[in-house]
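All remarks here apply to the structure that follows.
The values are calculated or read from the model by the stated rules, or taken from the named source; none is laboratory data. In this text, all values refer to a predicted model and were calculated from it rather than measured experimentally. Neighbour counts are summed over all protein chains in view; Cβ atoms, including those assigned to glycine, are modelled from backbone coordinates with ideal geometry.
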Amino acid sequence: MSVLGRARNVLTDLGSYSKMLRDVDRFAGSSTWNPGALLRLHAEKHANGTAILFEDRRLTWRELDNEANRFAHVFKKLGAQPGDVVALMLDNRPEFLAAQLGLSKLGVVSALINTNLIDQPLIHAINVAEPRLVLVGSEHAEAVAGVLADLEVPHRDADVLVEVEGDASDHGLRPVNELVAESPTHEPWPAHKSKIEDPSCYIYTSGTTGLPKPALITNKRYMMACSAFGRVAHEVTANDIVYVTLPLYHSSGQWVGWGACLHSGAAMALRRKFSASNFWDDVKRYDATRFTYIGELCRYLMNQPRSDNERGHRVSIIVGNGLRPDIWEEFQNRFGIALVREFYGATEGNAPMMNIPGKPGMVGHLGPGQVLVRADPVSGELIRNGDGMCTKVREGENGLLLGRISTVTKFDGYVDEAATQKKIVKDVFKKGDTYFNSGDMLTLHEDHWVAFADRMGDTFRWKGENVSTNEVAEVLNGARGVLESNVYGVQVAQTEGRAGMASLNVNDDFDLEDFARFILSKMPNYQRPHFVRLQRDMRTTGTFKHQKVDYRTEGYDPSKVSDPLYFLEKDRYVPIDAALYEQLSSGEVAPR
């Protein structure tokens, strides 16, 4: 390992992160800053500057602040107090941010609900936050109305609100539009004096097992993330425009996109949902200078026919994660992107990294307190030596990423304390030390550069979402005729992450068409098993745990598997024969 190379990395990081020194002092322990206060600052400094571009709308910073104040007055009138929680479930549109920022002005926590959730996962996500109120956009009112009886809010009829977009039905929920329109645009009084360590929002993460867990995001964590992506990653000013298609309920859209704008005063061009066919048209239309990505987004763009709009734009830097090495440089060359800044960081984690120079295939390099240790690649269990301590991996090896917990690199954890404790590892290199377990395997390269390898344990990533195999299996086990299900992720040609596959132990009551209807009604697309293997028996280990390694290796190849194999084609499962397998292997056919 080159000492000079490591020193060069350290100097590069110091030069980049020194831009944040002002903010370290600004957001210190006695600070009262929060997202709502930062919005108010921009409304004063850049009153007529563009804050959000959305479809045919343009909102200035003053207009966004006015709208946030209206929402704040409504929430206050309906009883929301500092420290309370309000669940938000809206598409990417300005009203989402106006409501969230209005809550911030009151010191109320926003629980950002994944808009893909339905049925039991949706019930859990809302109830675990213990909200005082729920605000849902009319585009998701049907999903919420369908589980209304199971929501644990003080008064369902009065406290589950709907923000109606256009002429959409309110599905019997309490409409809020008129209250917002009638509310004043001035700051709520008396003004709430926020503390920097107060919770700002909950962002949900699947973790390694179970239903979605709300990670506790403090004002300080939120503001420093905004600074990191605004000052260091995007390097934006008030003259820039960041194009964002990633969901605002997730940290990628919330911080990498919007946060960079909120910190700097740059404009955000916002799209409701990512569209590969409209992407470069939007970039040109909004005159974007930056955009955010995940690996799948880049792959989709590469698979689009070439167009005149994909070059000649003003985008110079893009920031995200998951861009695979096999298309990294090809992506840059085709679309004329000068710099790709890949980063690594769990929403709730304390071991973030950023590839400042844009080195292809890397997520950054290990910083102080960050280590890769030996662990079992299937179970995720740490491999300890004879002294009971962990061992660092060598160059070229994969290791589990741990981040040392200290007063500087804190781990704020989850709303559920038990879930928080599960992510803390003790006695790693000496008695009494504590580390955050990222659950991710990274590959160590020369000079401490690292590349993402895979997720540990029972989680895989698909369509930009973490999928818990246990969570999916629990749903599948409720289907008629399913006795037992073993869920895992399998690789598919020309796609990022792993698509869901389920090996099912079934009886004579099982019907494939009925099963397809079941999963389409019960599960969001990213969780659905796109491949199914039917069995009358299930392979287990000596301790009766499901055998995933062999199943994952065999995948959906009919030459390796004698059991019936099926592929989800739109709304039905079709048999996988040699011809279909060849199409899947070549990328001609892929999961939707």
Exercise. Any residue in the stretch 536-553 that is outside the structural domain of Pro377 (by TED's automatic domain parsing), modelled with pLDDT of 95 or more, among the aliphatic types (A, V, I, L, M) and in contact with a strand residue (DSSP E or B) (Cβ under 6 Å, 6 or more places away or on another chain)?
Worked result: no
Problem set entry | Which numbered condition Ser503 misses (of (1) over 32 Å from the mean Cα position of the chain (by Cα); (2) within 29 Å of Ile118 (Cα to Cα)) | (1)
For this session: Return yes or no: is Arg132 surrounded by 15 or more Cβ atoms within 10 Å (Cβ to Cβ), more than 27 Å from Tyr222 (Cα to Cα) and of a type in the set (Lys, Arg)?
Result: no
For this session: Look at the stretch 261-292 and say how many of its residues are touching a residue at least 40 places away in the same chain (Cβ under 8 Å) and within 17 Å of the chain's Cα centre (by Cα).
Result: 6
Exercise. Restricting the stretch 68-121 to residues that are of a type in the set (D, E, K, R) and either surrounded by 23 or more Cβ atoms within 10 Å (Cβ to Cβ) or modelled with pLDDT under 95 (or both), which is nearest to Ser183 (Cα to Cα)?
Worked result: Lys105
For this session: Select, from Tyr243, Tyr249, the only residue that is in a loop (DSSP other than H, G, I, E, B) and surrounded by 23 or more Cβ atoms within 10 Å (Cβ to Cβ).
Result: Tyr249
Seminar exercise, completed: Sole miss for Ala191 among (1) part of a helix (DSSP H, G or I); (2) surrounded by fewer than 20 Cβ atoms within 10 Å (Cβ to Cβ); (3) aliphatic (A, V, I, L, M) is condition (1)
For this session: Return yes when Glu130 is under 30 Å from Arg528 (Cα atoms), assigned by TED's automatic domain parsing to the domain that holds Pro199 and at pLDDT 95 or above and no when it is not.
Result: yes
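Residues checked against (1) surrounded by 15 or more Cβ atoms within 10 Å (Cβ to Cβ); (2) in contact with an Asp or Glu (Cβ under 9 Å, 6 or more places away or on another chain); (3) within 27 Å of Arg324 (Cβ to Cβ):
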position	(1), (2), (3)
Asn477	no, yes, no
Gly497	yes, yes, yes
Gly500	yes, no, yes
Arg517	no, yes, no
Lys548	yes, yes, yes
Exercise. If we scan the stretch 144-164, do we find a residue that is assigned by TED's automatic domain parsing to the domain that holds Pro247, touching a residue at least 24 places away in the same chain (Cβ under 8 Å), buried (at least 23 other Cβ atoms within 10 Å of the Cβ) and within 20 Å of Phe54 (Cα to Cα)?
Worked result: yes
Seminar exercise, completed: Of all helices (runs of 4 or more DSSP H) fully inside the stretch 55-128, the set with 2 or more residues that are among the small types (Gly, Ala, Ser) is 61-77, 94-106
Seminar exercise, completed: Restricting attention to the stretch 297-331, the residues that are outside any loop (DSSP other than H, G, I, E, B) and either among the hydrophobic types (A, V, I, L, M, F, W, C) or under 26 Å from Gln254 (Cβ atoms) (or both) number exactly 14
Exercise. Among Asp376, Asp416, which is the only one that is more than 20 Å from Asp447 (Cβ to Cβ), touching a helix residue (DSSP H, G or I) at 6+ places or on another chain (Cβ under 9 Å) and surrounded by fewer than 19 Cβ atoms within 10 Å (Cβ to Cβ)?
Worked result: Asp416
Seminar exercise, completed: Of the residues in the stretch 296-324, those that are touching a strand residue (DSSP E or B) at 6+ places or on another chain (Cβ under 7 Å) and not hydrophobic (A, V, I, L, M, F, W, C) number 4
For this session: Scan the stretch 262-296 residue by residue and report those that are among the hydrophobic types (A, V, I, L, M, F, W, C) and part of a loop (DSSP other than H, G, I, E, B).
Result: Ala266, Phe274, Ala276, Ala288
Problem set entry | Residues located in the stretch 472-496, provided they are in contact with a Pro (Cβ under 9 Å, 6 or more places away or on another chain) and under 12 Å from Pro529 (Cα atoms) | Val472, Val475, Leu476, Ser485, Val487
Exercise. Residues of the stretch 434-454 being surrounded by fewer than 16 Cβ atoms within 10 Å (Cβ to Cβ) and either touching a Pro at 6+ places or on another chain (Cβ under 6 Å) or closer than 18 Å to Glu381 by Cα (or both), which ones?
Worked result: Thr434
Exercise. Just one of Tyr526, Tyr573 is under 30 Å from Leu117 (Cβ atoms), touching a helix residue (DSSP H, G or I) at 6+ places or on another chain (Cβ under 9 Å) and touching a residue at least 12 places away in the same chain (Cβ under 8 Å); which is it?
Worked result: Tyr573
Problem set entry | the stretch 222-240 residues that are in the same structural domain as Ile52 (by TED's automatic domain parsing) and polar (S, T, N, Q), paired with ones that are part of a helix (DSSP H, G or I) and crowded, with 24+ Cβ neighbours inside 10 Å (beta carbon under 8 Å, 6 or more apart) | Ser227/His263
Seminar exercise, completed: Within the stretch 374-383, of all residues that are assigned to a loop (DSSP other than H, G, I, E, B) and not charged (D, E, K, R), the one modelled with the lowest pLDDT is Val378
For this session: Pull up the stretch 358-396, narrow it to residues that are basic (Lys, Arg) and in the same structural domain as Asp427 (by TED's automatic domain parsing), then point me to the one that is farthest from Ser406 (Cα to Cα).
Result: Arg394
For this session: Considering only the stretch 413-455, state which residues are aliphatic (A, V, I, L, M), over 24 Å from Cys298 (Cβ atoms) and not in a helix (DSSP H, G or I).
Result: Val415, Ile424, Val425, Val428, Leu444
For this session: Output the residues belonging to the stretch 163-188 that are assigned to a loop (DSSP other than H, G, I, E, B) and among the small types (Gly, Ala, Ser).
Result: Gly166, Ala168, Ser169, Gly172, Ser183
Problem set entry | Qualifying residue in the stretch 472-483 (condition: closer than 25 Å to Ser562 by Cα, of a type in the set (Val, Ile, Thr) and outside any loop (DSSP other than H, G, I, E, B)) | yes
Exercise. In the stretch 48-61, which residues are within 15 Å of Cys261 (Cβ to Cβ) and free of Cβ contacts under 8 Å to residues at least 24 places away in the same chain?
Worked result: Arg58, Thr60
Problem set entry | Out of Gly358, Gly396, Gly386, sole residue that is more than 27 Å from Gln254 (Cα to Cα), in contact (Cβ under 8 Å) with a residue 12 or more places away in the chain, of a type in the set (Gly, Ala, Ser) and part of a loop (DSSP other than H, G, I, E, B) | Gly396
